[in-house]
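Below is one structure, written out as structure tokens; the observations come after it.
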Amino acid sequence: MGKTVAEKIFDSHLVDNPSEDIHVIRLDAVFCHEITTPGAINDLIAKGKDRVFDSTKIKAVIDHVTPAKDSKTAMQGKILRQWALRHNIYDFFDIGSNGVCHAIFPEKGFVRPGYTVIMGDSHTCTHGAFGAFAAGVGTTDLEVGILKGVCAFHYPETIKLNITGNMPEGVYSKDVILSIIGRLGVNGATNRVIEFAGPVVDKMSMEARMTCCNMAIEAGATCGICCPDMTTVEYLWEFIKGEYATKKEAFEEFNKFSPDPDAVYEDVIEHDISRLEPLVTFGYKPDQVKPVKEMEGIKVDQVYIGSCTNGRIEDLRVAAQVLKGEKISDCVRGILSPATPKVFSRAMEEGILKIFMDAGFCVTNPTCGACLGMSNGVLAEGEVCASTTNRNFNGRMGKGGMVHLMSPATAAATAIAGHITNSSFYRGN
Amino acid sequence: MKNFGGKVLFLDRSDINTDEIIPAKYLTEISKGALKPYLLEDLELDGFHIELIKGKNVIVTRTNFGCGSSREHAPWALETNNINLVIAESFARIFMQNMFNCGMMAVELPAVIIDRVFKQFSGKDTFLETDLQKNMFIIKADGLTEEISFNISDFDQSLVDAGGWVEYADSRY
């Protein structure tokens with residue numbers, strides 16, 4: 001019987017079956033940030049087990065609140081920093097080199113097809129874009145990952161999403177994933193892996209695939225996975241060229257993790273996007289989505305472009321195309337947070353930052369900050385934010401605030417208008 | 001082993017997310033105890049106010065409880081309020097794993113049973129006992145008693161017995 005991507009990865013990483021459906025798997029990478037890791041570090045110290053299973057497989061970043069905003073966040077950074085130093089964790093990213101975890105780790109080439117990755121962060125599913133099994137976990141799973149390099153999961157059942165049709169102009173991967181979450185519901189993929197496949201995914205860049213996989217968790221999925229292909233090889237080539245003679249050879253190696261033709265799926269869903277329009281969320285759940293035209297005219301106080309979902313260079317380029325030569329509404333506070341220093345400097349080289357600043361945006365350093373209401377753009381009660389982030393939960397960006405999730409293009413158009421719109425760039429149905 | 005019984009808090013809503021259970025602004029706290037006053041602070045539910053949490057030890061709720069963020073601060077905020085057991089029609093994966101990893105319990109019951117428990121007990125002063133030998137909940141209110149059997153996986157049971165995943169994993173791997 002054929003296997004899915006996730007099944008192949010699980011079978012090649014099996015350590016133990018403590019009970020029939022539970023697989024303890026070996027981890028290729030354990031990612032850490034300053035919000036969920038200090039609890040694990042302190043617990044390991046308290047238990048007399050302040051060790052790491054392999055300092056080369058642990059990567060750490062201070063990203064959620066950086067620079068620190070108060071004594072408590074400063075202490076979280078300090079705990080992570082001292083731990084990284086103590087255990088010779090070479091790949092540790094602090095002020096000056098730090099960025100949003102799910103943007104910076106792929107950018108450094110830390111994720112490869114067939115890898116198993118955990119992090120104390122639910123959007124770890126992003127890294128499945130590389131054909132890896134990557135799952136968000138809690139602090140205790142992270143702690144065991146740090147100490148032992150293993151994690152326990154139910155053997156994964158997979159839903160295959162075959163995405164077909166031609167992407168209409170002005171529609172982006174964010175709209176595709178919002179349409180999928182709207183269709184599946186917020187628990188439509190709970191305890192399952194989503195394999196994103198089909199001609200639309202084949203044509204997507206790695207960044208677009210990361211946007212899709214990033215929000216798999218919003219449908220409850222353990223991981224979103226895209227099959228490795230030449231796009232994956234091209235993205236990773238600068239990091240792997242010493243290991244393979246040719247790109248073809250790398251592809252053949254990675255292709256071992258592609259699904260078998262007779263792989264068994266829990267469900268196969270055909271998802272045609274030919275008539276998809278730009279989407280936006282309403283309410284407090286990410287499956288509450290509507291076409292922008294049905295939300296047209298809703299006033300916003302803030303527009304936020306950034307995050308692990310849509311803070312990469314392609315996202316900034318798209319937004320800049322809309323913003324070029326325009327001014328954002330006087331009623332709107334525009335905030336751009338490029339997701340990593342590399343994104344930041346490329347945006348600077350390409351003149352993108354100037355476009356944003358000329359339009360009236362504030363450009364902040366790379367950080368998660370406002371996405372989860374921790375810093376750099378928290379909403380006041382009753383305020384509305386058009387955001388390229390991933391969650392519109394009640395209070396997410398600040399108590400009593402409302403968040404509407406959308407693509408960078410729609411967010412940019414909304415900033416100019418002062419209300420939800422896409423009329424300045426979308427010429428669709 | 002923790003205490004898995006006591007007074008019941010009914011939360012009649014699906015998709016209660018971890019941002020509602022403990023808002024992100026409190027994730028800068030490093031001690032579990034500091035989370036105590038903020039449990040369910042942003043819960044969107046008619047008639048709910050955080051005073052209702054006082055003295056409760058068990059939560060009964062609907063589908064997809066604990067969706068969203070992976071923050072283990074959600075179970076910790078429950079634990080520090082002496083709530084070690086959540087019963088729901090279904091849970092988000094990471095939240096459910098976090099509960100057992102902490103030696104706490106997240107138990108799924110079929111929709112019809114959850115529905116019946118809500119109809120019979122919600123709004124009443126309800127007390128729940130857990131018999132871990134028989135895998136049975138005994139629910140009592142106003143002279144009414146209902147016994148409900150439940151299943152948890154062997155693996156989850158062994159985490160509860162061991163006191164959590166760190167203890168379990170450290171002795172085996």
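Summary table below
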| item | result |
| --- | --- |
| Some residue of the range A:104-114 being in a helix (DSSP H, G or I) and over 24 Å from A:Lys342 (Cβ atoms) | no |
| Where a residue in the range A:297-319 is within 18 Å of A:Met402 (Cβ to Cβ) and in the same structural domain as A:Cys371 (by TED's automatic domain parsing) and its partner, wherever it lies, is modelled with pLDDT under 95 and part of a helix (DSSP H, G or I), with Cβ under 6 Å and at least six apart | none |
| Residue within the range B:51-71 that is part of a strand (DSSP E or B) and more than 26 Å from B:Leu132 (Cβ to Cβ) present | yes |
| Which numbered condition A:Ser97 misses (of (1) within 22 Å of the chain's Cα centre (by Cα); (2) surrounded by 24 or more Cβ atoms within 10 Å (Cβ to Cβ)) | (2) |
| Yes/no for A:Asp287 being crowded, with 22+ Cβ neighbours inside 10 Å and charged (D, E, K, R) | no |
| Hits in the range B:12-34 (condition: among the hydrophobic types (A, V, I, L, M, F, W, C) and either facing chain A (nearest Cβ under 7 Å) or surrounded by fewer than 23 Cβ atoms within 10 Å (Cβ to Cβ) (or both)) | B:Ala24, B:Leu27, B:Ile30, B:Ala34 |
| Residue satisfying condition, being under 21 Å from B:Ile50 (Cα atoms), among the hydrophobic types (A, V, I, L, M, F, W, C) and in contact with an Asp or Glu (Cβ under 8 Å, 6 or more places away or on another chain), within set B:Phe118, B:Phe127 | B:Phe118 |
| Whichever residue in the range B:124-166 is within 14 Å of chain A (Cβ to nearest Cβ) and surrounded by fewer than 15 Cβ atoms within 10 Å (Cβ to Cβ) and, among such residues, is nearest to B:Leu109 (Cα to Cα) | B:Asn151 |
| Residues within the range A:349-386 that are within 19 Å of A:Phe93 (Cβ to Cβ), part of a helix (DSSP H, G or I) and over 18 Å from the mean Cα position of the chain (by Cα), tallied | 0 |
| Residue within the range B:43-57 that is crowded, with 23+ Cβ neighbours inside 10 Å, more than 8 Å from chain A (Cβ to nearest Cβ) and touching a Gly at 6+ places or on another chain (Cβ under 7 Å) present | no |
| A:Lys148 out of contact with any Pro (no Cβ under 6 Å at 6 or more places or on another chain), without any contact (Cβ under 8 Å) to a residue 12 or more places away in the chain and surrounded by fewer than 24 Cβ atoms within 10 Å (Cβ to Cβ) | no |
| From the options A:Ala40, A:Ala46, residue that is out of contact with any Gly (no Cβ under 9 Å at 6 or more places or on another chain), within 13 Å of chain B (Cβ to nearest Cβ) and either more than 19 Å from B:Arg93 (Cα to Cα) or crowded, with 16+ Cβ neighbours inside 10 Å (or both) | A:Ala46 |
| Given (1) within 14 Å of another protein chain (Cβ to nearest Cβ); (2) among the β-branched types (Val, Ile, Thr); (3) in contact with a helix residue (DSSP H, G or I) (Cβ under 6 Å, 6 or more places away or on another chain), number of the condition A:Val378 does not satisfy | (3) |
| Condition met for A:Val193 (under 16 Å from A:Ser122 (Cα atoms), outside the structural domain of A:Glu314 (by TED's automatic domain parsing), in a loop (DSSP other than H, G, I, E, B) and of a type in the set (Val, Ile, Thr)) | no |
| Residue within the range A:68-79 that is in contact (Cβ under 8 Å) with a residue 60 or more places away in the chain and touching an Asp or Glu at 6+ places or on another chain (Cβ under 6 Å) present | no |
| The range A:173-188, residues that are hydroxyl-bearing (Ser, Thr, Tyr) and surrounded by 24 or more Cβ atoms within 10 Å (Cβ to Cβ) | A:Ser173 |
| Test: residue in the range B:84-93 that is within 11 Å of the chain's Cα centre (by Cα), under 24 Å from B:Glu167 (Cα atoms), part of a loop (DSSP other than H, G, I, E, B) and in contact (Cβ under 8 Å) with a residue 40 or more places away in the chain | yes |
| Residue satisfying all of: in the range B:72-82; assigned to a loop (DSSP other than H, G, I, E, B) and surrounded by fewer than 24 Cβ atoms within 10 Å (Cβ to Cβ); nearest to the other protein chains (Cβ to nearest Cβ) among these | B:Thr80 |
| Qualifying residue in the range A:103-118 (condition: within 8 Å of chain B (Cβ to nearest Cβ) and under 11 Å from the mean Cα position of the chain (by Cα)) | no |
| Helices (runs of 4 or more DSSP H) completely within the range A:204-291 that count 2 or more residues being outside the structural domain of A:Ala413 (by TED's automatic domain parsing) and without any contact (Cβ under 8 Å) to a residue 12 or more places away in the chain | A:247-254 |
| Condition check for A:Lys78: at pLDDT 95 or above and at the interface with chain B (Cβ under 10 Å from one of its Cβ atoms) | no |
| Set A:Ala216, A:Ala208, A:Ala250, A:Ala263: member being among the small types (Gly, Ala, Ser), in contact with a helix residue (DSSP H, G or I) (Cβ under 6 Å, 6 or more places away or on another chain), farther than 27 Å from B:Cys67 by Cα and modelled with pLDDT of 95 or more | A:Ala250 |
| One residue from A:Pro38, A:Pro18 being modelled with pLDDT under 95 and either under 28 Å from B:Lys32 (Cα atoms) or not in a loop (DSSP other than H, G, I, E, B) (or both) | A:Pro18 |
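The values are calculated or read from the model by the stated rules, or taken from the named source; none is laboratory data. As the structure is a prediction and not an experimental result, all values here were calculated from the model. With ideal geometry, Cβ positions are generated from the backbone for all residues, glycine too; neighbour counts draw on all protein chains shown.
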